[in-house]
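One structure below.
All of the numbers you see were taken from the coordinates with simple rules; none came from a lab. Everything numeric in this text was worked out from a predicted model, so none of it was measured. Here the Cβ positions follow ideal geometry from the backbone for every residue, glycine too, while neighbour counts run over all protein chains shown.
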Ligand SMILES: [Zn+2]
């Protein structure tokens, strides 16, 4: 199987200093992850990578929108995304994730695949509740049929 090199950062070959990268995440990207809650969307990612002698700092900014299932009516809903995250990369004898923000890479590594990070950041950017916004009439702009059905048949809703 051919590996997708789109999200690989060839940091060994970069000079010391700052470098910028950009990607656009959409349907194709998220469909590559089986567990993805995001089914579609358009998220512009910019990455500022600073390479120092023994440290990489990566500052990500994700901006755009993600399409997920509405918690209330189960239709698709577009959620605005505006999220920043930082990742620090140090080097050691072996590769391991020291924390959410610190990755240790083995000295033998020469590139870093950030696809998994971009996937996680996009999901972290989502609010806890993902629902259609309230319309001008004060009612949620949800799927009308589903809302009518719920009103007629929903007996009890657990309070969070
Ligand atoms: Zn809805």
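Measuring max minus min along each principal axis, the C-alpha atoms of the range 68-151 give extents of 60, 21, 18 Å (largest first). By the compact-protein rule of thumb, 2.2 N^0.38 Å, the alpha-carbon radius of gyration of the chain corresponds to a ratio of 1.32. For the chain, modelled as a GNM with alpha-carbon contacts under 10 angstrom, which of 75, 59, 100 fluctuates the most? Among 75, 59, 100, the largest GNM mean-square fluctuation belongs to 100.
Rounded if a/c is under 1.5, else prolate if a/b beats b/c, else oblate: with a ≥ b ≥ c from the C-alpha gyration tensor eigenvalues square-rooted, which is the range 112-160? Verdict is prolate for the range 112-160.
Our summary gives the range 8-84 a relative contact order of 26 percent, counting only alpha carbon pairs under 8 angstrom and 6 or more residues apart. Between the alpha-carbon centers of the range 69-119 and the range 130-144, tell me the distance in whole angstrom. Cα centroid to Cα centroid, the span is 32 Å.
Between 64, 13, 138, the Gaussian network model of the chain with springs among Cα atoms under 10 angstrom shows the greatest mean-square fluctuation at 138. The GNM of the chain, with springs linking C-alpha atoms under 10 angstrom apart, assigns the highest mean-square fluctuation among 113, 54, 28 to 54. Modelled spin-label separation between residue 139 and residue 46, with each label point placed 7 Å from Cα along the Cα-to-Cβ direction: 4.2 nm. Label separation (residue 111 vs residue 34): 2.5 nm, computed from points 7 Å beyond Cα along the C-beta direction. Simple spin-label estimate for residue 153 and residue 91 gives 6.1 nm between the two label positions (7 Å along the Cα-to-Cβ direction from each Cα).
Counted residue by residue at 0.36 nm each, then reduced by the alpha carbon distance between them, the extension gain from residue 54 to residue 131 reaches 23.3 nm. Within the range 8-133, antiparallel bridges make up roughly 90 percent of the DSSP beta bridges whose residues both belong there.
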